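Just below is one structure, and these are the notes that go with it.
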Amino acid sequence: MKSLTAFIACASLAAVATFAHADDDIGPDKAVELLNAGTIKSFEQLNAAALASHPDGAIGDTELKQEHGKYVYEVELRDSEQRKWEVDIDATTGVVLSDHEDD
C-alpha cells in the first residue's frame, strides 16, 4: 500500500511540475496590461527586433507566451525568397533568443 501511495504522490508531483513549466499563451487583455505596466516592450519594438535579422521579411503570425517564467514573443515571417522563419524574442528586454528557419 505504501508503494501505491508513493507512486500516486510522485505521479501527482510530476503532473504539477509539467503543468508549471508548460507554455502559456497570453491573451490580448493580459498583453495590453503587461505593455501598460512596462513589463514588456511595445510590439513595434519587438517586431523591429525580428526584422533586424530579416530586413526583407514580412511579418505573419505573432504570439506572446510565458515560458519558464519569461515572456517570449514569437514572430513568424517570410523573407523575399519565401522562406519561413521563426524568431523568438524576450519580450521584456527585446533580445532575440532564437532565430531559425521554420518548415
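At a glance:
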| read-out | value |
| --- | --- |
| Test: residue in region 41-52 that is at pLDDT 85 or above, outside any helix (DSSP H, G or I) and surrounded by fewer than 10 Cβ atoms within 10 Å (Cβ to Cβ) | no |
| Given (1) of a type outside the set (Gly, Ala, Ser); (2) assigned to a helix (DSSP H, G or I); (3) open to solvent by less than 60 Å² (accessible area, probe 1.4 Å), number of the condition residue 29 does not satisfy | (3) |
| Sole exception among (1) without any contact (Cβ under 8 Å) to a residue 24 or more places away in the chain; (2) over 24 Å from residue 28 (Cβ atoms) for residue 53, by number | (1) |
| Search result, residues across region 53-101 that are of a type in the set (A, V, I, L, M), exposed (fewer than 13 other Cβ atoms within 10 Å of the Cβ) and outside any strand (DSSP E or B) | 95 |
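The values are calculated or read from the model by the stated rules, or taken from the named source; none is laboratory data. None of the values given here were measured: they were computed from a predicted structure. Cβ sites come from the backbone with ideal geometry, for glycine too, and all protein chains shown count toward neighbours. When the accessible area is computed, the model is the full protein with side chains, heavy atoms only, and any ligands, DNA or RNA have been set aside. Shrake-Rupley method; radii C 1.70, N 1.55, O 1.52, S 1.80 Å.
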